[in-house]
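K.L.:
Here it is, the structure, as structure tokens.
Taken together, the values in this text are just the output of simple stated rules run on the coordinates, not laboratory data. Given the structure is predicted, the values throughout are model-derived calculations rather than measurements. Glycine also receives a Cβ, built like all others from the backbone with ideal geometry; neighbour counts cover every protein chain displayed.
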Amino acid sequence: MQTLLYSEINIFSIIALFTVMFNSSVFGVDTKNKNRLFSCSACFAAMSCICDFLWEMSAGGYLLLSRSAAVLVNTMYFICYALSFCCWFLYIESISESKIFKRKKRAYIAFLPLAVLVILLAASVFTGCVFSIDENLNYTRGPLFFMQVVLSYGYIAAAVIRILYDVIGRKNKLVWDNIIFAAVFAGPIISASTLQAFFPELPIACLGIVLAFMNVYVYSLKVHVSVDMLTGIANRHKLMNELEDRISSLKKDEKLYFLFLDIDSFKQINDAFGHHEGDNALKSVATVLKTLCKTTGGFCARYGGDEFAVIQVLKKSGDIKRIKKNIYDSVEKITDKNSAYSLSVSIGCAQHTSETESVQELISCADSNMYSKKMQRKEKVKM
């Protein structure tokens with residue numbers, strides 16, 4: 001009865017993990033390359049559950065395995081388990097704001113603990129240092145069994161530390177987003193693994209892994225609802241929520257500015273060079289805003305069409321002029337002298353005051369100022 005319950009939980013876990021892997025591949029939880037790492041992590045986790053299922057069925061007498069096959073199944077279980085967490089760490093590293101190591105060096109460092117584990121497991125076949133299985137298929141943990149735990153779960157610890165590294169020094173809402181992202185994966189795995197130590201007869205650790213991947217997948221979908229799919233920055237829905245949050249948390253010595261941006265002559269770019277080139281222009285402007293907001297602590301979003309918005313909280317009112325100038329200059333630098341067209345933006349700025357208390361009033365004020373700036377620029381061109 002216990003074997004059947006164990007196997008049923010394993011089957012459920014396998015189906016759930018492959019479902020997460022398939023859906024993340026089709027719909028994506030991130031960009032294409034990063035998404036592969038997440039899918040690989042889920043795939044290896046499912047494979048470890050398959051190995052666990054085969055071993056449990058064999059131990060319960062429902063499946064006949066030779067000693068060599070039993071050793072191979074358990075060895076593959078540990079390798080797939082570690083590979084899943086290794087891919088998870090690489091996924092976290094790929095989506096991190098800062099890059100500590102170059103791509104190739106990052107891969108070498110990530111696979112080093114895995115290489116040590118493979119060597120230990122290879123040695124264990126002859127020495128039983130990690131685990132041993134006798135002719136009667138009795139499983140015994142070896143003196144170095146704890147090493148596979150350290151090497152495998154070390155990836156989880158490294159991923160959490162990597163996320164917290166990006167959090168240090170930040171003062172915006174992204175801090176809590178990153179902490180939550182770390183918790184939704186590491187929390188269930190650590191909790192379930194601790195319970196597994198007290199109840200070894202049940203695959204609680206397996207359920208913990210499933211819960212972790214389901215949490216991350218659901219959380220990622222929630223995040224993607226707030227992302228503009230073309231430019232990769234926040235969309236209008238996220239902008240409105242962020243603006244309300246920042247207004248409500250505004251301190252007495254802080255001033256909130258809302259910048260409304262519009263790409264000049266964007267329709268002409270689309271008409272003359274096609275919508276593909278127009279999309280490239282939108283992506284370029286979004287990249288500029290995202291880069292600048294990282295240095296100023298601001299928040300940028302695509303409002304719609306060729307319109308963008310930036311929320312900036314400052315203590316010195318003079319800083320907003322510098323930020324606007326940086327945006328103007330950075331956008332103009334996107335295209336060079338050899339480009340078929342030049343990029344520029346018109347910016348309207350509005351400060352949150354008693355006269356612009358509501359979000360809509362603030363946006364309308366910035367939009368009106370932006371339109372005035374655009375008209376002024378057109379008049380200068382005519383002259």
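K.L.:
So if a site counts as exposed when it's one of the GluC sites (Glu not before Pro), its DSSP state isn't H, G, I, E or B, and it has at most 14 other Cβ atoms within 10 Å, what's the longest stretch of the chain without one?
P.N.:
Value returned for the longest uninterrupted segment is 255-356.
K.L.:
Okay, next question. Nearest 5 percent is fine: what portion of the DSSP beta bridges confined to the chain is antiparallel?
P.N.:
Percentage antiparallel, nearest 5: 95.
K.L.:
Where is the GNM fluctuation largest for the chain (alpha-carbon springs, 10 angstrom cutoff): L90, L72, L289?
P.N.:
L72
K.L.:
Now for a separate question. Given the rule -39500 (n - 2.57) for each run of at least 4 DSSP H residues, summed and divided by the residues of the chain, what is its mean residue ellipticity at 222 nm, to the nearest 500 deg cm²/dmol? Working shown, then result.
P.N.:
Working: 12 runs with 257 residues, N = 383.
Roughly -23500 deg cm²/dmol at 222 nm, from the helical runs in the chain.
K.L.:
Hey, rough spin-label estimate for N138 and S68, points 7 angstrom out along Cα→Cβ, what's it come to in nanometres?
P.N.:
Label-label distance for N138 and S68, simple model: 2.4 nm.
K.L.:
With springs connecting C-alpha atoms under 10 Å apart, model the chain as a Gaussian network and identify which of S330, S248, S364 has the largest mean-square fluctuation.
P.N.:
Greatest mean-square fluctuation among the candidates belongs to S248.
K.L.:
For the pairs K252/K373; K294/K333; K255/K325; K255/K333; K294/K315; K321/K374, note any where the Cα-Cα span goes beyond 23 Å.
P.N.:
Too far apart for the 23 Å limit: K252/K373; K255/K333.
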